[in-house]
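Novice: Handing you a structure now.
The values are calculated or read from the model by the stated rules, or taken from the named source; none is laboratory data. What you see is a predicted model, and the numbers here were worked out from it, not measured in a lab. No Cβ is skipped: glycine too gets one built from the backbone with ideal geometry, and neighbour counts run over all protein chains shown. Heads up: the accessible areas ignore ligands, DNA and RNA and are worked out on the full protein's heavy atoms, side chains in. Shrake-Rupley method; radii C 1.70, N 1.55, O 1.52, S 1.80 Å.
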Amino acid sequence: MARLVMKFGGTSVANIERIRNVARHVKREVEAGYQVAVVVSAMAGKTNELVAWCKEAAPLYDPREYDAVVASGEQVTSGLLALALQQLGVPARSWQGWQIPLYTDDAHGSARIMDIDGARLGGAIDGGEVAVIAGFQGIHAETGRLTTLGRGGSDTSAVAIAAGLKAERCDIYTDVDGVYTTDPRVVPKARRLDRIAFEEMLEMASLGAKVLQVRSVELAMVHNVRTFVRSSLTDPDAPEMANVEKAGTLICDEEEIVANQMESQVVTGIAFSKDEAQVSIRRVADKPGIAASVFGPLADAHINVDMIVQNVSADGFTDITFTVPTADYERAKAVIDGAKAAIGHQIVEGAADVTKVSVIGIGMRSHAGVAAKAFEALAAKGINIRAITTSEIKISFLIDAAYTELAVRTLHSLYGLDS
Ligand code: ADP
Ligand code: ASP
Ligand code: MG
């Protein structure tokens, strides 16, 4: 019998009624003949509440206790879904990360999965019992402490468990019916994609489309897990739900996409992230070693630097601009101030109200002029570009946050993505 992993996010399990609906989705697949493992998130809003409690209790909290607290949201929903399934006559039990066990490293708050022992879990579902697994959590073997996988981590739990169980596929159920050309809550004209390549989904996720956690896409790509994104907020017994190819978006190899369409799109999607802050260091001597004196101390402070722009200069001085996550903005400026003697700059400026908008598509590898078109279109709307970075399959623009929606909608139309 084939195995199937089904994952349900926070909105899908937000209350008992929704959990009952989820149970009906699971029952449908059991009746279709699958051995099913389900991964659940905490109820919508629960993890935020738990995180806030930790910060209130101790501003500089012990990350091990933070994990003990925030892992509890998933413990609740795993038990509740097992109960709802039993009510429908479907044998089910809950599994916490440590019971599987799902081993992680000890990077509390953003732990990485090291290994999953699929034997007990596989044995249980082979016996016809649905395994309802608390997502987002694991255990560090050496210390025996609970860990969590970082925000959105239940996606990663699901894909890892699908790989561990050698499941036929992993269905990620959420509050939208697939991956769209951009966030459908921001651009009503966004289109649902039938398929998206792993590489593109990786870029979309890491550049701000939170529909899948980045790490889950990496795992799906490495272990070749057939992963679909689909909606849980539908009638579980609607006829189209039986055909996953029609009801969701498949994340797959590039070859599978090329084989399925006559002409590939140049641009597949637009992502944006408001979690960006810009720091500019003005009038720095233009000589060897300066970049190291700026970015060395930032790395030592574990601040992740993203876009970096350095200007050419005529009079021996230059400007360096870079972006950091919003949460690290004040700290980054303090680090630069602390390193002033080595950097020798004159002014530090910055802005926290900026957004990074990115255009993504594997078709860009073989097409020129993609960026030039965007410059014109953004200029025509009066949108100033603060910084630009490019790679083989993406272009990112840093702009004022106030123009986010306008920029996303402009680029979405420009590249022919509107429905
Ligand atoms: P869950 O709680 O099920 O994990 P998330 O809130 O993490 O759900 O992710 C789903 C949300 O991702 C959607 O409600 C949507 O607003 C957002 N999103 C952002 N970009 C995209 C995109 N390109 N396609 C689909 N959804 C997107
Ligand atoms: N509950 C966790 C979060 O809100 C994990 C998840 O939902 O994937 O981040
Ligand atoms: Mg999510």
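Novice: Over the chain, with a Gaussian network built from C-alpha contacts below 10 Å, which listed residue (G316, G178, G361) shows the highest mean-square fluctuation?
Specialist: Of G316, G178, G361, the Gaussian network model singles out G316 as fluctuating most.
Novice: Springs between alpha-carbon atoms under 10 Å, Gaussian network over the chain: tell me which of V225, V30, V51 tops the mean-square fluctuations.
Specialist: Highest fluctuation of the listed residues: V51.
Novice: Local charge sum around S78 (other residues, Cβ-Cβ under 14 Å, Lys/Arg +1, Asp/Glu -1)?
Specialist: Here the charged neighbours net out to +1.
Novice: Can you list residues from other chains, or at least 5 along the same chain, whose modelled amide H is less than 5 Å from the amide H of R169?
Specialist: Placed amide hydrogens put V5 under 5 Å from R169.
Novice: While we're on this one: Subtracting the Cα-Cα distance from 0.36 nm times the residue separation, let me have the gained length for A285 to K246 in nm, one decimal.
Specialist: Contour length minus Cα-Cα distance gives 8.2 nm.
Novice: What do you reckon, how do H108, H25, H302 stack up by accessible area (1.4 Å probe), largest on top?
Specialist: H302, H108, H25
Novice: Okay, next question. Mind checking which lysines have their Cα closer than 30 Å to the Cα of K55? Skip sequence neighbours fewer than 8 apart in that chain.
Specialist: Excluding near neighbours in sequence, the set is K7, K46, K210, K274, K333, K356.
Novice: Only Cα pairs under 8 Å and at least 6 apart count here; give the relative contact order of region 15-151 as a rounded whole percent.
Specialist: Relative CO of region 15-151 lands at 30 percent.
Novice: Leaving out same-chain residues fewer than 8 places away, which lysines sit with a Cα under 26 Å from that of K340?
Specialist: Excluding near neighbours in sequence, the set is K287.
Novice: Would you mind pulling out the separation of the Cα centroids of region 89-161 and region 168-190, in Å?
Specialist: The distance from the Cα centre of region 89-161 to that of region 168-190 comes to 25 Å.
Novice: In degrees, nearest 10, range 0 to 90: what is the angle between the Cα axis of helix 370-380 and the longest Cα principal axis of the chain?
Specialist: Tilt relative to the chain: about 70 degrees.
Novice: On C-alpha positions alone, give me the angle between the axis of helix 290-300 and the longest principal axis of the chain, in degrees, nearest 10.
Specialist: 30
Novice: Within 15 Å, Cβ to Cβ, of K189, how many net charges do the neighbouring residues add up to if Lys/Arg are +1 and Asp/Glu are -1?
Specialist: Neighbourhood net charge equals +1.
Novice: Out of residues 5 or more away from F317 or on other chains, whose amide H comes under 5 Å of its own, with H placed 1.01 Å from N in the peptide plane?
Specialist: Long-range HN contacts for F317: D286.
Novice: Is region 104-174 rounded, prolate or oblate when judged by the Cα gyration tensor, a ≥ b ≥ c being the square roots of its eigenvalues, rounded requiring a/c under 1.5 and prolate requiring a/b larger than b/c?
Specialist: It comes out oblate by the Cα gyration axes.
Novice: Could you work out how far the C-alpha centroid of region 9-47 sits from that of region 338-362, in angstrom?
Specialist: That distance is 42 Å.
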